[in-house]
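The values are calculated or read from the model by the stated rules, or taken from the named source; none is laboratory data. Being a predicted model, the structure only gives us computed values, none of them experimental. Here Cβ is always computed from backbone atoms with ideal geometry, including for glycine, and neighbour counts include all displayed protein chains. Heavy atoms of the whole protein, side chains included, go into the accessibility calculation; ligands, DNA and RNA do not. Shrake-Rupley method; radii C 1.70, N 1.55, O 1.52, S 1.80 Å.
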Amino acid sequence: MNWSWRPRRLDGRWSIRSTRRRPRLPRPSNPCTSFVARPPQRGGRACRGFVKERGNVSVDAVMTGEMLIGAQAVRGQEGTQRAFDPAANAEIAEPVFGLASAVDVDRAAALAEAAFDTYRQLPLARRAALLEAIAENIVALGDVLIERAHAESGLPKARLVGERGRTVGQLRLFAQVVRDGHFLGATIDSAQPQRQPLARSDLRLRKIPLGPVAVFGASNFPLAFSVAGGDTASALAAGAPVIVKAHNAHLGTSELVGRAIQQAVRDLDLPQGVFSLLFGRGKTVGEALVAHPAIKAVGFTGSRQGGLALQKIANARRVPIPVYAEMSSINPVFLLPAALAQRAPAIGAAFADSLTLGAGQFCTNPGLVLGLAGPDLARFEAAAAQALQAKAAQTMLTPGIQQAYAQGKANVAAAQGVAVLAEGAPANGQENAAQAALFATDAQHFLNTPALEDEMFGPAAIVIRAQSVAELVQVAEKLEGQLTATLHLDEADTPAARQLLPVLERKAGRILVNGFPTGVEVSHAMVHGGPFPATTNAMYTSVGATAIDRFLRPVCYQDLPDGLRPPALQDSNPLGICRLVDGALRLP
């Protein structure tokens, strides 16, 4: 981005204007806007993000360290925290973030509860417009957002640019989902007054949102699984207000994105309680949010320990609520014999790339590789080891994550029957860096050592050497629930694949062939979920169009007059949506 001085003072400081043209993005009834921006600061009382000018009105979006509770920016009084730069292993001086109290949680929840009925009953077009406006505002943040996310996460800027694209793509996908109305599940069973022996009433079904949703930002995706990530996008699409508990690893990034959402809510004149953003400690804020009676569902991506703690609180409530937690997965990769015989070295090199992508900090990281012991598996191991040894150490998201990864590696290396096949380049003083590692053991040691199934959240994996396809199936049967399971196969491997597939269908939410699981497409058919402990509810996905179903429930209307029916179920079909009428799909 090119920067040029502009003679405008903001809070006693000169601003800098971006000369980059703002992308033209679809937004209904949106007047022309211009943006004034300054690069992220690490000194001073506030880090200014941008000034958004609309006619004679200017809206200042800054990093001040304040929470966003409804339409207000609120300074938390329950202590303070600074953001952290893992690459420098140092705090980022400014701004200082004020942390929420129980009173702040209650205020945000009360606003969300008050906004619920108004927001959910808005025309679908306005709900879709909100999602598109949020996407537009996030893109308009430009390099300011990328620079701050890079400083707080240590992730490469190119990766963050791609993640921003994914984030706005999710928002636009859900805007499309809202507009087409299929998510409502509108179903009509017409009355049959002449039916014998009993007449049938007029029955009509649609789905409505559960109520306000608490969303917990994830550490490993500061944009796509955070303040405006998939949980927030799908909940807003469902018609549910959202309260986000920002992850402490990217506070400034969260505030910038939160202000983009707050601005979109304000611009569209929606109830202020549609969105709030809180900073704070897990016990004070996270537990209070989940326990609050106004909250009706929870979206979480993180550790098994964290997800189960929230589920326990939710289940202990007077009225329990669902916690949709995506937790731990080691994502097994099965290398079948014919595929290994044909292309073991290529698979090995590609595996090393997938394993080390993003310092291995993906929930779909391939942490377990299984194949038949022999020369072909040995060729795979050699190629993977060679590729891995050339991989540089990478900065991890937080010191805590790096320490947990190092301990996990040490535990595996110390286990009986485990050999170290290769390690990546050493960190050589690089702060909070992960050195990649590849281990190997045989199937029987793995079956008899439960700790080897523990997730190493980082660029490390274990190769399991089996003696037969039957032993591969035995290991698959023993595995916990997974987000993904991968098969590398050729046509000659079809019989072996047929033995494994029924087991893998019971174990994983997504099964893929001749690829690696670290790419998760945002689409209508994607499933990013799986049996416990991959998630707390294997019936749903946290990525893709059907993620909206987590925050909906069906309501049946019996013999309501047409004037009282919701628009989705009225005879004239004013929404123009597809409906199931007397068992047949009716197009508008």
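Kindly provide the pair-distance distribution of segment 116-165 built from C-alpha pairs, with 10 Å bins from 0 and whole-percent values in order of increasing distance.
Bin by bin from 0 Å, the calculated values are 23, 36, 21, 19, 1.
Hey, could you get me the Stokes-Einstein D for segment 68-326, Kirkwood radius over alpha-carbon pairs, 4 °C and 1.567 mPa s, rounded to whole µm² s⁻¹?
Approximately 68 µm²/s, per Stokes-Einstein.
Run the reach check for residue 207 against lysines, Cα to Cα strictly under 20 Å, same-chain hits fewer than 8 apart removed. What comes back?
The reachable lysines, counting only those whose Cα sits under 20 Å from residue 207, are 296.
For a Förster distance of 35 Å, can you work out the FRET efficiency between the beta-carbons of residue 191 and residue 521, rounded to the nearest 0.05? Please report the intermediate quantities before stating the final value.
Values: r = 43 Å, r/R0 = 1.23.
Step by step, r from the Cβ atoms, then E = 0.20.
Enumerate the aspartates and glutamates that residue 478 could reach by cross-link, defined here as Cα to Cα under 16 Å, with residues fewer than 8 away along the same chain left out.
Those aspartates and glutamates meeting the cut-off are 442, 453, 454, 455, 505.
Starting from the Cα gyration tensor of segment 467-520, take the square roots of the eigenvalues, sort them a ≥ b ≥ c, and report rounded, prolate or oblate (rounded when a/c is under 1.5, otherwise prolate if a/b is larger than b/c, else oblate).
oblate
Looking at the chain only, what percent of DSSP beta bridges run antiparallel? Nearest 5 please.
About 55 percent, rounded to the nearest 5.
Roughly how many Å is it from the Cα centre of segment 288-312 to that of segment 363-385, as a whole number?
For segment 288-312 versus segment 363-385, the Cα centre distance is 37 Å.
Accessible area per residue, 1.4 Å probe, Å², for segment 98-212: what's the number?
38
What does the convex hull of the Cα atoms of segment 164-282 come to per residue, in Å³, rounded to a whole number?
Cα-based convex hull of segment 164-282, divided per residue, equals 140 Å³.
Give the distance, in whole Å, between the Cα centre of segment 170-211 and the Cα centre of segment 420-457.
Measuring centre to centre over Cα atoms gives 50 Å.
In segment 332-513, how does Rg compare with the Kirkwood Rh, expressed as the Rg/Rh ratio over alpha carbon atoms?
Numbers: Rg = 15.5 Å, Rh = 16.3 Å.
When Rh is taken as the Kirkwood radius, the ratio is 0.95.
Restricting to Cα pairs below 8 Å that are 6+ residues apart, what does the relative contact order work out to for the chain? Please round to a whole percent. Can you show the working numbers first?
Working: 1381 pairs, mean separation 85.4, N = 588.
Worked out over the chain, it gives 15 percent.
Among 245/507; 157/283; 283/312; 283/409; 409/507, which pairs are too far apart, with a Cα-Cα distance over 22 Å?
245/507; 157/283; 283/409; 409/507
So, for segment 268-392, what is the accessible surface per residue at a probe of 1.4 Å, expressed in square angstrom?
35
Within segment 91-123, whose backbone N sits under 17 Å from a point 7 Å along Cα→Cβ of residue 560?
Zone members listed by number: 117-123.
Tell me the relative contact order for segment 296-382 as a rounded percent, counting alpha carbon contacts under 8 Å between residues six or more apart.
On the way: 104 pairs, mean separation 27.0, N = 87.
Relative contact order of segment 296-382: 31 percent.
What percentage of the solvent-accessible surface of the chain, computed with a 1.4 Å probe over protein heavy atoms, is contributed by carbon and sulfur atoms? It would help to have the intermediate numbers written out before the result.
Values: 12390 of 23370 Å².
C and S fraction of accessible area: 53 percent.
Taking the Cα centroid of segment 94-124 and of segment 563-582, what is the distance between the two, rounded to the nearest whole Å?
Using only Cα atoms to place each centre, the spacing works out to 32 Å.
Kindly give the semi-axes, whole Å and largest first, of the ellipsoid equivalent to the chain, taking each as the square root of 5 times a Cα gyration tensor eigenvalue.
Semi-axes (√(5λ), whole Å): 41, 34, 21.
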